[in-house]
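The values are calculated or read from the model by the stated rules, or taken from the named source; none is laboratory data. In this text, all values refer to a predicted model and were calculated from it rather than measured experimentally. Using ideal geometry, Cβ is built from the backbone for each residue, glycine included, and neighbour counts are taken over all protein chains shown. Side chains are part of the model used for accessible areas, which takes the heavy atoms of the whole protein and leaves out ligands, DNA and RNA. Shrake-Rupley method; radii C 1.70, N 1.55, O 1.52, S 1.80 Å.
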2 protein chains.
Amino acid sequence: MKHSAYRAFEPVSFSQVTIEDAFWGPRLQINREKTIPHIYHMCQQTGRLDAYRLDWKPGDEHIPHQFWDSDVAKWIEAASYSLVSMPDPALDALLDEVIALIASAQQADGYLNPHYTVVEPDKRWANLRHGHELYCAGHLIEAAVAHFQATGKSTLLTVACRYADYIATIFGQEPGMKRGYCGHEEIELALVKLYRVTHNTRYLQLSQYFIDERGQTPCYFDTEPAPDYHALGLEYHQAHQPVREQTEVVGHAVRAMYLYSAMVDLFCETGDETLLQACKRLWHHLCSKRMFLTGGIGSSMLNEGFSSDYDLPNDTAYAETCAAIGLVLWCHRMLQVECDAQYTDIMERALYNGVLSSVSQDGTTFFYVNPLATQADLARQRWFDCACCPTNITRLLASFGHYIYSQNEHELVVHLYVQGTVRAKIQGQPVVLRQETAYPWDGRVNLTVELEGPVEFALRLRIPGWSSGAMLMVNGERVDLNGLSEHGYAKIERVWSNADRLTLFFPLPLVRMYASPEIAADIGLVALQRGPLVYCLESIDNAVPLHRLVLPRTSAVQIVDESDSGLDGVVTGIADALAVGSTDWEEATLYRPQPPGMQPAALKAIPYYLWGNRGVTTMRVWLHEQSI
Amino acid sequence: MKHSAYRAFEPVSFSQVTIEDAFWGPRLQINREKTIPHIYHMCQQTGRLDAYRLDWKPGDEHIPHQFWDSDVAKWIEAASYSLVSMPDPALDALLDEVIALIASAQQADGYLNPHYTVVEPDKRWANLRHGHELYCAGHLIEAAVAHFQATGKSTLLTVACRYADYIATIFGQEPGMKRGYCGHEEIELALVKLYRVTHNTRYLQLSQYFIDERGQTPCYFDTEPAPDYHALGLEYHQAHQPVREQTEVVGHAVRAMYLYSAMVDLFCETGDETLLQACKRLWHHLCSKRMFLTGGIGSSMLNEGFSSDYDLPNDTAYAETCAAIGLVLWCHRMLQVECDAQYTDIMERALYNGVLSSVSQDGTTFFYVNPLATQADLARQRWFDCACCPTNITRLLASFGHYIYSQNEHELVVHLYVQGTVRAKIQGQPVVLRQETAYPWDGRVNLTVELEGPVEFALRLRIPGWSSGAMLMVNGERVDLNGLSEHGYAKIERVWSNADRLTLFFPLPLVRMYASPEIAADIGLVALQRGPLVYCLESIDNAVPLHRLVLPRTSAVQIVDESDSGLDGVVTGIADALAVGSTDWEEATLYRPQPPGMQPAALKAIPYYLWGNRGVTTMRVWLHEQSI
């Protein structure tokens, strides 16, 4: 179970976690029942599955694309995770069928990529910068590991190992090998997963090679004939400097997150502190200068990524779904190394906002970008030519149980508050922890320990960074949280007995949030947040165009428990606000020396993750505030 | 002199206008002495002149580009205009030399475009949508007309007529002719100019054909193999509808302005009211929904043009120099048809702000885009691969005298207040009007009539739309402006005697301007304007980052007459303002529930047209306002 000497905790596998949560339960059920079948259907319909038949010929409708494989692989990963929490023989059989198809496309030397096998057979490894071959290989490996862990079958794992073995003969520092690496990071973290399952150090070494080689001079990409599309430079690929020297998060945001995740993984296996230190520097830079309130990252459409410090425009925010998911992956790895709530707070922020916003309530339409304000016509789509986001959200939700708990030999950690149970083994003893909560709508969390006999261990409970006035009771007795706090977690160390009870209580006011004055886009604006949930306005709920609403600082925002249509169970916010210039501005006038007047107006806010579920509408997170 | 039965006035040619103005005089002198030579030099250095030698071969450094000709043509136009106000034998000889070179490149059939003669000889007329051939022909015609009018020489006019004659054999509705038109409008207005000089109705008919054919279905562009670059659609070319049916300004902003200008020109020659009515609708749409405070137009980089109603973002505003110049051309034409200050107000707004901002004080560096806010690194450049803007501003400034006055048989109109004289002939009598003014710094304008004997005529004096409390004295006697006002002009009709004096006085406070509440980008913001000049803040003058400055509504903005370095003679504004969060916000915090504080701060504003002349700096027109 424990792979690493260098991290304080291991995630508790979601196979040991049950979720019976009013907030997450329906989301995971819809992911299982709607999203996973929808994505299979789309992969089938778009030719992504048939591509593995390798019978494409010029003129055929669907040309196998360079990164189609990654979509099928992420579907396999999601479906495999799903089998863990909900056995499903039909899905199991479907997986076998798809895996057999994929295996049939593997070449004699182990190579596996339909595009470069049938469409551009002479271009294998010729365009590492933009070709996505190693990226697809990485997703195949992740899928194989997931399928193996879920089913015990090594059908896909064998394929993945053969492919990885072949790749290891191609890339490396030895004479005659290619000194290249992939323009889109992914294989690096996948190879660590493969090493952890197979214990074959060759995979760890290959991952290490890719990480070490990245950003060295002369740059491998410069030796390729492939152009620098869009003139985005080496920063786009995080290949502008050796990774250990990087201090700023730059370039394509998804690539950056996958790279940093792999760097943590390698630290965990090798103890190479230089990788961890680089990650900490990059983390600090990201969190202090380049992140949206929703946990969205990547400001610019031009590079699907980072722009400049504090450049966080709300309406043109790219905030790709995959980037927020990548951020969750990175946070989760960091927080195993050091159980520090700075990582968990951001992970939770991204999960409840910038990640969850990307999929509709019915599970079949998706946002690729997640801006914080829209003028008009952004609607979720059933699919994208580049379908990375739907396939990424489905695999994340299918493995959501993975993110809730960690443990080591002496400790059990609760990162997220989600109703259900975790079954762990601590000091060799079975430990069950049961959570009962209506979080994030309600701030009360009841925790019950179930033991066969007394066990001494520490329980770490996260005290969210957003909370103020949290209270903890142990067996009915209030405990001083200040004395227990360690990096944002309350650490309760004792000999636990069966049926010991803890109650956490987080007050959940709707609070006003303000942005750093360095963020030009948010000066004079205010956002609403309650617990981990960022709120937004939708035009469907507000009569006045959203950009004209002004929330006076003196106006109290009331919490409303909704039971009406479309928002069942959701807590919304309402307030008396003002509207700029409803009636006193002549339509034909664009500019004038008299200021527009203000009229009273009602304002209603809903959680950001829910927006865009009731028809096409405009949306806005940051509102004008009248400060005096 | 008078060509048209359908317009109320004719512009007074700048050959009859002298400018001795403290504001415009130095700008025109620098244009003559620095910009025109600089542009010649750049045309020479970049191969634009050598292209006419037609000796290009593959592998040569400079590949003659499809629209290089237009840059050389606009230089000829500017240099010709310059000869009118300032005879210069060396420039005259240089023009002869360049014109001889151009003439040498004309093909036997009259065709004249180096790119399609030597680089892609098989592609002549094959890509009307993006090829710019007719656009270049249009600029050649404008240059030829300007050179002929300035020098009396028909060297280039003969070339232009031969080319136009040839074009008239290619395009038209008759069987066997191409039913096409240019993707970039320009030739339409040029052909009307050529008709006015030559009185050859063939040119008028060809212009009419291009205008009538545009936007008809089936669309000619769809018959071409050329792709729709960037998927911008037919709106990009204003070819989505017949021009008379168009009601919204769409697509590439420069193209739109040149089209609308040609539509007015054709109305003036043909009396076709449907063209004028379309222009009035488009005018209303532009002015009420799609124009920046500076007179800049075209919000989006994607199409170098219009986006959606009220989408007027300050920092990403494209506001191309050429588009503001095109707007001046259109305004100027509209206001000859109807002497209505709605057109003059916008013309003046564009001239003093969005146009004049594009060229540096030293006349040798240029902005291509003119946003209303910058974060960092926008600096004027000496040249652009697509050099339309430098060559456009130089020809506009060289003909600036053209825009000041209009006349007809009975009336003389003053549109702009610029010190100097105009010499007109009214009722057959010579009339001189002399302006003395320090406008726009000072609001007093003294006008003196110089006559050989009494003449009865009406003098129309524009009362700017931005002014409030204007006063008029005639021979020392105050006159009630209300009684004289006609569409924003004071019309004083009388028998004038030599040395009659008028004094206009416009109060010039620094006023606060507000944007329509429909403009999301400007809610809660205020701009400063004084007379026709929009003001901005530059970081070089302000210690606090500009986005953090807040101007309380109660804070008076003081006018300062500058005499210090860099801003000689300029009126600036200073105010006590506030700065958001200077000291009470921890650097590593991006978001927090406590609002940032406010500290007192000084604010200094300069005229927008002057920004970017003192090193690289940030700039901002719209400022946060504390309204209560």
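Observations on the model:
- A search for C-beta distances below 8 Å between a residue of the range B:254-283 that is more than 20 Å from B:Met347 (Cα to Cα) and in the same structural domain as B:Thr321 (by TED's automatic domain parsing) and any residue that is small (Gly, Ala, Ser) and open to solvent by 10 Å² or more (accessible area, probe 1.4 Å), counting only pairs 6+ apart in sequence or on different chains, returns B:Gly271/B:Ala5.
- Scanning the range B:152-161 for residues that are in contact with a helix residue (DSSP H, G or I) (Cβ under 7 Å, 6 or more places away or on another chain) and of a type in the set (D, E, K, R) turns up at least one hit.
- Among the residues of the range A:459-490, those identified as farther than 17 Å from A:Leu412 by Cα, out of contact with any helix residue (DSSP H, G or I) (no Cβ under 9 Å at 6 or more places or on another chain) and open to solvent by less than 70 Å² (accessible area, probe 1.4 Å) are A:Ser467, A:Gly469, A:Met473, A:Asn475, A:Gly476, A:Val479, A:Leu481, A:Gly483.
- Filter result (open to solvent by less than 40 Å² (accessible area, probe 1.4 Å) and outside any loop (DSSP other than H, G, I, E, B)) within the range A:186-195: A:Ile187, A:Glu188, A:Leu189, A:Ala190, A:Leu191, A:Val192, A:Leu194
- Qualifying residue in the range B:487-500 (condition: farther than 28 Å from A:Gln375 by Cα, within 14 Å of chain A (Cβ to nearest Cβ) and in contact (Cβ under 8 Å) with a residue 12 or more places away in the chain): no
- So B:Tyr236, is it surrounded by 15 or more Cβ atoms within 10 Å (Cβ to Cβ) and under 30 Å from B:Leu157 (Cα atoms): no
- Here A:Glu133 does not fit the description of being surrounded by fewer than 24 Cβ atoms within 10 Å (Cβ to Cβ), over 16 Å from A:Tyr203 (Cα atoms) and of a type outside the set (A, V, I, L, M).
- Among the conditions (1) under 29 Å from B:Gln594 (Cα atoms); (2) among the charged types (D, E, K, R); (3) in a strand (DSSP E or B); (4) open to solvent by 50 Å² or more (accessible area, probe 1.4 Å), the only one that A:Asp442 does not satisfy is (3).
- Among the residues of the range B:559-598, those that are among the aliphatic types (A, V, I, L, M) and either more than 19 Å from B:Ser539 (Cβ to Cβ) or exposed (fewer than 13 other Cβ atoms within 10 Å of the Cβ) (or both) comprise B:Ile559, B:Val571, B:Ala588, B:Leu590, B:Met598.
- Pairs with Cβ under 6 Å, 6+ apart, first in the range A:187-203 and more than 14 Å from A:Asp265 (Cα to Cα), second open to solvent by 10 Å² or more (accessible area, probe 1.4 Å): A:Arg202/A:Ala168
- Of all residues in the range B:157-185, those being in contact with a strand residue (DSSP E or B) (Cβ under 7 Å, 6 or more places away or on another chain) and in a helix (DSSP H, G or I) number 1.
- Residue that is farthest from the chain's Cα centre (by Cα) [pool: residues in the range A:599-628 that are within 14 Å of chain B (Cβ to nearest Cβ) and open to solvent by 20 Å² or more (accessible area, probe 1.4 Å)]: A:Gln599
- Looking across the range B:115-150, the residues that are more than 30 Å from B:His199 (Cα to Cα), among the aliphatic types (A, V, I, L, M) and assigned to a helix (DSSP H, G or I) come down to B:Val118, B:Val119.
- Given (1) surrounded by 15 or more Cβ atoms within 10 Å (Cβ to Cβ); (2) assigned by TED's automatic domain parsing to the domain that holds A:Ser80, index of the condition A:Trp24 fails: (2)
- Single residue of the range A:299-317 satisfying the filter (touching a His at 6+ places or on another chain (Cβ under 9 Å) and surrounded by fewer than 18 Cβ atoms within 10 Å (Cβ to Cβ)) that is farthest from A:Glu235 (Cα to Cα): A:Asp309
- The C-beta contact set for the range B:545-565 (first residue hydroxyl-bearing (Ser, Thr, Tyr), second residue buried (at least 17 other Cβ atoms within 10 Å of the Cβ), distance under 6 angstrom, 6+ apart or interchain) comprises B:Ser555/B:Ala575.
- Out of B:Asp315, B:Asp340, one residue alone is at negative phi and within 14 Å of chain A (Cβ to nearest Cβ). It is B:Asp315.
- Listed by position, the strands (runs of 3 or more DSSP E) enclosed by the range B:515-581 that each have at least 1 residues that are in contact with a helix residue (DSSP H, G or I) (Cβ under 8 Å, 6 or more places away or on another chain) and closer than 26 Å to A:Thr589 by Cα are B:533-538.
- Criterion applied to B:Leu335, B:Leu312 was being more than 23 Å from B:Ser82 (Cα to Cα), not β-branched (Val, Ile, Thr) and not in a helix (DSSP H, G or I), and the one residue passing it is B:Leu312.
- Index of the failed condition, A:Gln106 passing every other in (1) open to solvent by less than 10 Å² (accessible area, probe 1.4 Å); (2) more than 26 Å from the chain's Cα centre (by Cα); (3) closer than 20 Å to A:Ala190 by Cβ: (1)
- Residue that is more than 13 Å from chain A (Cβ to nearest Cβ), in contact with a Gly (Cβ under 8 Å, 6 or more places away or on another chain), under 21 Å from B:Leu510 (Cα atoms) and of a type in the set (Gly, Ala, Ser), where the choices are B:Ser563, B:Ser555: B:Ser563
- Among the residues listed as A:Ala278, A:Ala239, the single one being on the phi < 0 side of the Ramachandran plot, of a type in the set (A, V, I, L, M, F, W, C) and in a loop (DSSP other than H, G, I, E, B): A:Ala239
- Condition broken by A:Arg512, with the remaining ones in (1) away from chain B (no Cβ under 12 Å); (2) part of a strand (DSSP E or B) satisfied: (1)
- Matching residues in the range B:264-286 - criterion: being within 13 Å of chain A (Cβ to nearest Cβ) and either in contact with an Asp or Glu (Cβ under 7 Å, 6 or more places away or on another chain) or surrounded by 22 or more Cβ atoms within 10 Å (Cβ to Cβ) (or both): B:His285, B:Leu286
- Sole residue being over 11 Å from the mean Cα position of the chain (by Cα) and touching a residue at least 24 places away in the same chain (Cβ under 8 Å), chosen from A:Met347, A:Met301: A:Met301
- Of all residues in the range B:456-481, those that are more than 21 Å from B:Leu293 (Cβ to Cβ) and of a type in the set (Asp, Glu) have Cβ atoms under 6 Å from Cβ atoms of residues that are open to solvent by 30 Å² or more (accessible area, probe 1.4 Å) and outside any loop (DSSP other than H, G, I, E, B), 6 or more apart or on another chain, in B:Glu456/B:Val495.
- Taking the numbered list (1) farther than 25 Å from B:Asp340 by Cβ; (2) in a helix (DSSP H, G or I) in turn, B:Asn482 passes all entries but (1).
- Within the range A:357-411, the residues that satisfy the criterion of being within 14 Å of chain B (Cβ to nearest Cβ) and part of a strand (DSSP E or B) are A:Ala373, A:Thr374.
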